[in-house]
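*Asks:* One structure coming up, written as structure tokens, with questions to follow.
Laboratory data are not the source of any read-out in this text; all were calculated from the coordinates shown. The structure presented is a predicted model; accordingly, all values stated were derived computationally and were not measured.
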């Protein structure tokens, strides 16, 4: 989590510096690459219940899971940087 947080600080400070790398690693269609804007990334947060439920629904619809994973068993704030 510390490495993620350091990366988010750098990315949020100068997103343009990382646009080339992100376009290389992410699957952004060529016709929108010029207008692609890197959104700000959140720091020191975990997914909320609604985000979790949205992802579980998406995974179930695509048969990536047969049953949803419980939020309480999967998400913790114990490892967030202090």
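*Asks:* Angle check, please: helix 15-25 long axis (alpha carbons) against the longest principal axis of the chain (alpha carbons), in degrees 0 to 90, nearest 10.
*Replies:* It is inclined by approximately 70 degrees.
*Asks:* May I ask for the angle, rounded to the nearest 10°, between helix 2-13 and the longest principal axis of the chain, with both axes built from Cα atoms and the value confined to 0 to 90°?
*Replies:* 40
*Asks:* What shape does the stretch 21-82 have by the C-alpha gyration tensor, where a ≥ b ≥ c are the square roots of the eigenvalues, rounded means a/c under 1.5, and otherwise prolate means a/b greater than b/c and oblate the rest?
*Replies:* oblate
*Asks:* Using helices alone, what [θ] at 222 nm do you get for the chain, with -39,500 (n - 2.57) per DSSP H run of 4 or more residues, divided over all residues and rounded to the nearest 500?
*Replies:* Roughly -14500 deg cm²/dmol at 222 nm, from the helical runs in the chain.
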